[in-house]
1. Report yes if some residue within the range 25-36 is in a helix (DSSP H, G or I), modelled with pLDDT of 85 or more and not assigned by TED's automatic domain parsing to the domain that holds Arg93; otherwise report no.
2. Residues of the range 63-99 being under 32 Å from the mean Cα position of the chain (by Cα), surrounded by 12 or more Cβ atoms within 10 Å (Cβ to Cβ) and outside any helix (DSSP H, G or I), which ones?
3. So Gln66 passes all but one of these: (1) more than 23 Å from Leu85 (Cβ to Cβ); (2) modelled with pLDDT of 90 or more. Which condition number does it fail?
Amino acid sequence: MLATATAHWSSKAGQLSNPTRPAESRTQSRQHSTRIDTMTTTLAILLVLLLLPVLVLLWATESKPQRARRWRAAGWTQQRIADRLGISRATVRRYLVTA
């Protein structure tokens, strides 16, 4: 036998309501959910703000040979790397060989 869900039409709000759960409990549940969402968002923003300076520092201290190797591993051509770094293709080749 199939179990059927019971729902009633609320004439006040024009929405379905659950007779087994009081309206106060539903309101508290929504407030709790909103609090959790706000807290999660706040923590995510805080994490980004804390990690951003570290990432900038790592990027700023990366040498040209390191960048060339990283970009080559990402599939960039030697010419594209040379153009981006403002050096010759031969220098890029030398950077990659000494890796």
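The values are calculated or read from the model by the stated rules, or taken from the named source; none is laboratory data. Just so you know, these numbers come straight off a predicted model, no measurement behind them. Virtual Cβ from ideal backbone geometry, glycine too; neighbours counted across all protein chains shown.
1. So in the range 25-36, the residues in a helix (DSSP H, G or I) come out as 25-36.
From what's left, modelled with pLDDT of 85 or more: none.
No, every residue in the range 25-36 fails to be in a helix (DSSP H, G or I), modelled with pLDDT of 85 or more and not assigned by TED's automatic domain parsing to the domain that holds Arg93.
2. Correct list: Trp76, Thr77.
3. Evaluating Gln66 over (1) more than 23 Å from Leu85 (Cβ to Cβ); (2) modelled with pLDDT of 90 or more leaves (1) as the failure.
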